[in-house]
Amino acid sequence: MTQETGGFAALGLHPAVLSAISAVGYEEPSPIQAQSIPVILGGHDMIGQAQTGTGKTAAFALPLLSRLDPSRREPQVLILAPTRELALQVATAFETYSKQMPGVGVVAVYGGAPMGPQLKALRQGAQILVATPGRLCDHLRRDEKMLSTVQHLVLDEADEMLKLGFMDDLEVIFQALPEERQTVLFSATLPHSIRAIAEKHLRNPQHVKIAAKTQTVARIEQAHLMVHADQKTAAVLRLLEVEEFDALIAFVRTKQATLDLASALEAKGYKAAALNGDIAQNQRERVIDSLKDGRLDIVVATDVAARGIDVPRITHVFNVDMPYDPESYVHRIGRTGRAGRDGRALLLVTPRERRMLQVIERVTGQKVAEVRLPNAQQVLDARIKKLTASLVPLVADAEETHGELLDRLISDIGCSPRALAAALLRKATHGQALNLAEVEREQPLVPSAAPRERSERSGERGEYRERRAPMPLAEGRARCRTSLGARDGIAAKNLLGAILNEGGLAREAIGRIQIRETFSLIELPEEGLDRLLGKLKDTRVAGKQLKLRRYRED
Ligand code: ADP
Ligand code: MG
C-alpha cells in the first residue's frame, strides 16, 4: 500500500474494502468521507450535508460494506435514491467497492424495467438493495416482509427525493423497516421537510456538515467551461490550442486519470507527465524539476501529489475534475500566480456539478465567468499565430544562411518560390491542419453541456424522470437530442428525412426516434458521430434550427 492510502487506512475500514479503493485509485478520503466513515462505522445515525460531487457514495458505501455480514444471504443494507440513474450509479459503486468481497451481492430496483428479474436477483441473496422509493413500494405491496432483515438504511439525496414527491412512499418504506436499525441521511440542503423526517425517523443523529469557509483568491483570472464528463480530454486539447501558457498544471481525481490525460497530451506533442501518489518521491522531484526548467510544460496531478508544488513558471491551472470543496479549489489555483505574476485558472464543470460551482463562487466571493470552447476559426488563428512567432526570429538572417540553397532548389526543382515556400511550410508543420476546412474536419465541435433538464412534474406523481428515462442503447449507438419537439410541429418522419438527406446515412443506421413535447431524441451510430453532427450543424427542420447534439443523462 502506498503512503497515500494511509488516509483511508486510518479510518478502520475492512481490508477488502481498502484494497478495492486502492485499486480504483483513490488516494485520500474526501472531507465528507473522512468525517462520515467513522460515524457510520460506529453504528450511529447520521445526517450528512454536502454538495454534489463531494464523494458521498463512498462515504456511506465503504463503512456499510465493512460492517455487513457476507455469510447472511438476505438484504442488510437499503439505499434509497431519487432516480433510476442515481440508483444505478450507487449500485455500480457498491459493486466496485465490494470487488474483493466474495459472496456480497447488490441489486438495483427501479421503475421503467420489468419487476421479475429484480425480484429474482433479490431472492438470490443479495445483501445490498439500492432502490427508488416508487418502485420499492410496488415490491412491498407484493411482499410486505421483504425489508424485515434490513439493518442499515441510507437516504441518498433526500432533498431531491422529496422534490420528486416521494414523501408518502418514504413513509410506507419506514413502516416496513425494522425499528432497530441504523439510518443515515444525505442531503445537499436541509429544508424543514428533511429536518422533520430526521426528527421522526432518526435516533440521536450526528451531524456532519462540510462547511465552506470564506477564502481569498488574488490576481488569478478564473473561468469555467460546461462539458460532459466523457468529453473532458477533447475539451482540454482544444483549450490548450488557444491558451497562451508557459507551464500548466492539470488536476484530476484519480491516478488512472493522471496517466490517461498525460498520455493523451503527449500523443499530441505536449511535454507532459503524470504526477500521482504511486510515483516514488525522488521521481516526483524529478518531474517538478523538469517543470521548473522547461523540460516539461504540463503536469497532470492529483491533489495529494501536487501538494507543495511551487513553480513560478506555472501560468495556468486546469481543474479538469472538480475539487471536493472550495478550500481545495483555492489551494489548487494558488499553484499559479506565484511570485506576484498573473495566473489563469480554468474549471471544467459537468452538468451535475453546477451547484459546486456556485458554492465556489460564494465562498471566494468571485464570479467564475463562463467560457465556451474555441471554434475552428479561433484554433486556426492560434496555430497561425504560433507559426508566425516561430518564424519571425528566423526571417532576420535565414536568407543569409539559406538563400543560396533556396535559389538552387528553385532551379533544380523548377518551381516557383511560392510553391517551394509552401512545400517547406507543409514539411515544417508536420501536416498540421492550417486552413479552416481542415481544422473543422479535424476538430468536430464538442458540444458543451446543456443545463440539466429539470424534472418536469407529471402531475399524478413525482416519478416523471424515472418513468420517462430512455431505454438502454444498442451497442455502437449514441443518443442525440434536439430541442425541437411536438410543439414545434415536428414528427418522426421530418427528423428522419432531414438526417437521411443532409447526413448521408442509410436508413438502417438510424435507431429509435422519440418525439416529446419540448424535445426529441434520436439514436445514431457512435462511429463518425462528431463528423455527422458537424454536417448537420446548419440543418433546419420545420423552419427551425435542428441543433442536434449528444445527449447524456447525468
Ligand atoms: P456525490 O454523491 O457527493 O455527488 P459521488 O459519490 O458520486 O459524489 O462521487 C463523485 C466522483 O468522485 C465519483 O466519480 C467518484 O468515483 C469520485 N471519488 C469519490 N471519492 C473519491 C476519492 N476519495 N478519491 C478520488 N475520487 C473519488
Ligand atoms: Mg451522490
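Values in this text are rule-based calculations from the coordinates and carry no lab data. Note that the structure is predicted; figures quoted are calculated from it, not measured. As a convention, Cβ positions derive from the backbone with ideal geometry for all residues, glycine included, and neighbour counts pool all protein chains shown.
Assigning unit charges at the beta carbon (Lys, Arg +1; Asp, Glu -1) and nothing else, what dipole magnitude in debye, to the nearest 20, does the chain show about its Cα centre? Mind dumping the intermediate values first?
Numbers: 75 positive and 70 negative charges, 219 e Å.
Roughly 1060 debye, rounded to the nearest 20.
Scattering from the C-alpha atoms of the range 333-377 alone, worked out with Debye: what is log10 I(q)/I(0) at q = 0.19, 0.26, 0.28 1/Å?
-0.77, -1.06, -1.10
Pairs 268/385; 232/268; 232/271; 385/537; 56/209; 386/427: which exceed 21 Å Cα-Cα?
Pairs exceeding the cut-off: 385/537.
Give me, ordered by chain and number, the residues 5 or more places off residue 183 or on other chains with an amide H under 5 Å from its own placed amide H.
When sequence neighbours closer than 5 places are left aside, the close amide H contacts are 45, 46, 153, 203.
Can you give the charge dipole size of the range 101-235 about its Cα centre, rounded to the nearest 20 debye, using +1 on the beta carbon of Lys and Arg and -1 on the beta carbon of Asp and Glu?
Details: 15 positive and 15 negative charges, 53 e Å.
The dipole magnitude comes to about 260 debye.
How fast does the chain diffuse by Stokes-Einstein, in µm²/s, taking the Kirkwood radius from C-alpha pairs at 10 °C and 1.306 mPa s?
60 µm²/s
Output the relative contact order of the range 132-270, whole-number percent, from Cα pairs under 8 angstrom with separation of 6+ residues.
Averaging sequence separation for qualifying contacts and normalising by length gives 20 percent for the range 132-270.
If you take every DSSP beta bridge fully contained in the chain, what fraction is antiparallel? Give it as a percent rounded to 5.
For the chain, the DSSP antiparallel bridge percentage is about 20.
So if the hydrodynamic radius of the range 118-227 is defined as the Kirkwood radius over C-alpha pairs, what does Stokes-Einstein give as its diffusion coefficient at 37 °C and 0.692 mPa s, in µm² per second? List each step's numbers first, then the result.
Numbers: Rh = 16.6 Å.
Once the numbers are plugged in, D ends up at 198 µm²/s.
Among the aspartates and glutamates, which fall within straight-line cross-link reach of residue 200, defined as a Cα-Cα distance under 20 Å, with same-chain neighbours fewer than 8 residues apart omitted?
Filter leaves 45, 156, 157, 159, 160, 168, 169, 171, 179, 180.
If you find the alpha carbon centre of the range 488-505 and of the range 289-332, how far apart are they in angstrom?
After rounding, the separation between the Cα centres reads 47 Å.
Any idea what angle helix 167-176 forms with the longest principal axis of the chain, computed on alpha-carbon atoms, 0 to 90 degrees, nearest 10?
Once rounded, one gets 50 degrees.
Using +1 at the Cβ of each Lys and Arg and -1 at the Cβ of each Asp and Glu in the range 84-224, identify which of 204, 189, 106 lies farthest towards the dipole's positive end.
106
Projecting each Cα onto the charge dipole of the chain (Lys/Arg +1, Asp/Glu -1 at the beta carbon, about the Cα centre), which of 258, 44, 320 comes out farthest on the positive side?
The residue sitting most towards the positive pole is 44.
Please grab the % of Cα pairs in the range 379-427 that end up more than 17 Å from each other.
45 percent
Show me the ranking of peptides 409-417, 10-18 by mean Cβ neighbours inside 10 Å, starting with the highest.
Ranked by mean Cβ neighbours within 10 Å, highest first: 10-18, 409-417.
So if I place +1 on the C-beta of Lys and Arg and -1 on the C-beta of Asp and Glu, and nothing else carries charge, what would the dipole magnitude of the range 306-435 be about its Cα centre? I want it in debye, nearest 20.
Its charge dipole is roughly 680 debye.
Pick out, from 92, 16, 545, the residue whose Cα sits farthest towards the positive end of the charge dipole of the chain, with +1 on the Cβ of Lys and Arg and -1 on the Cβ of Asp and Glu.
The one lying farthest along the dipole's positive direction is 545.
Please report the relative contact order for the range 81-185, taking Cα pairs under 8 Å with a sequence separation of at least 6, and give it as a percent rounded to a whole number.
This gives 30 percent for the range 81-185.
Taking each pair of different alpha-carbon atoms in the range 221-267 once, compute 1/r for the pair, average those values, and report the inverse of that mean as the Kirkwood hydrodynamic radius in Å to one decimal.
Taking the inverse mean of 1/r over all distinct Cα pairs, the range 221-267 comes out at 11.8 Å.
Separation between the residue 200 and residue 10 pseudo-spin-labels, each 7 Å from Cα along Cα→Cβ, expressed in nm?
Once both label points are built, they end up 4.1 nm from each other.
Quick one: Cα centre-to-centre distance for the range 233-247 and the range 253-279, in angstrom?
Taking the Cα centre of the range 253-279 as reference, the centre of the range 233-247 is 15 Å away.
Given only helices, namely DSSP H runs of n ≥ 4 each adding -39500 (n - 2.57), what is the per-residue ellipticity at 222 nm of the chain, to the nearest 500 deg cm²/dmol?
Taken over the chain, the calculation gives -13000 deg cm²/dmol.
How far, in degrees from 0 to 90, does helix 31-41 lean away from the longest principal axis of the Cα atoms of the chain, to the nearest 10?
The answer is roughly 20 degrees.
Explain nothing, just the number: relative contact order of the chain, from Cα pairs under 8 Å at least 6 residues apart, as a whole percent.
Answer for the chain is 14 percent.
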